[in-house]
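First up is the structure itself, then whatever we jot down about it.
Bear in mind these aren't lab numbers, they're just calculated from the coordinates by the rules spelled out. Keep in mind it's a predicted model, so treat the numbers as computed, not measured. We place every Cβ from the backbone using ideal geometry, glycine too, and count neighbours over all the protein chains shown.
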Amino acid sequence: MAITLTNSAAERVRTFLANRGKGFGLRLGIKTSGCSGLAYVLEFVDELNEDDNVFEQDGVKVIVDTKSLVYLDGTQLDFVKEGLNEGFKFINPNVKDQCGCGESFNV
């Protein structure tokens, strides 16, 4: 089981954490939402929970709870800039379908 980061995603997370001035890493999770059922959640982590799994790459820690890991195993987190838009992109091999707006998915 693994979560990976591209170089651009790792650099962006490092920048966010440095600007914030504190934090253990970045939590990647899921929540029930949207028309396809599940949506990604990203948030800073200051303390680990008992059921957290920690993946580290390029000095960046990504934390995923055990429940979310079932849906996120093998996911690569990327940071992309397309024109005036920029943001994180999730490359998740478990996704079977996603809504037209790209905000939610199902497995």
Report summary line: Filtered hits (lysines, Cα-Cα < 19 Å from Lys96, offset >= 8 within chain) -> Lys31, Lys67
Requested in this report: Subtract the Cα-Cα distance of Ser8 and Asp46 from 0.36 nm times their separation in residues, and report this length gain in nm to one decimal.
Outcome: 11.4 nm
Query raised in the report: Within the chain, what is the longest stretch that has no GluC sites (Glu not before Pro) placed in a DSSP loop and near at most 14 other beta-carbon atoms within 10 Å?
Result: 51-102
Report summary line: In the stretch 1-79, the trypsin sites (Lys or Arg not before Pro) that sit in a DSSP loop and have at most 15 other Cβ atoms within 10 Å of their own Cβ are Lys22
Query raised in the report: Rounded to the nearest 500, what is the chain's calculated 222 nm mean residue ellipticity when only DSSP H runs of at least 4 contribute -39500 (n - 2.57) each, over all residues?
Result: -6000 deg cm²/dmol
Query raised in the report: lysines near Lys22 by alpha-carbon distance under 19 Å, same-chain residues fewer than 8 away left out - which ones?
Result: Lys61
Report task. Pop out the Kirkwood hydrodynamic radius of the stretch 37-91 from its pairwise C-alpha distances, inverse of mean 1/r, in Å to one decimal. Result -> 12.9 Å
Query raised in the report: How much of the DSSP beta bridge set in the chain is antiparallel, as a percent to the nearest 5?
Result: 85 percent
Report summary line: the chain -> Rg/Rh from Cα coords, Kirkwood Rh, value 0.95
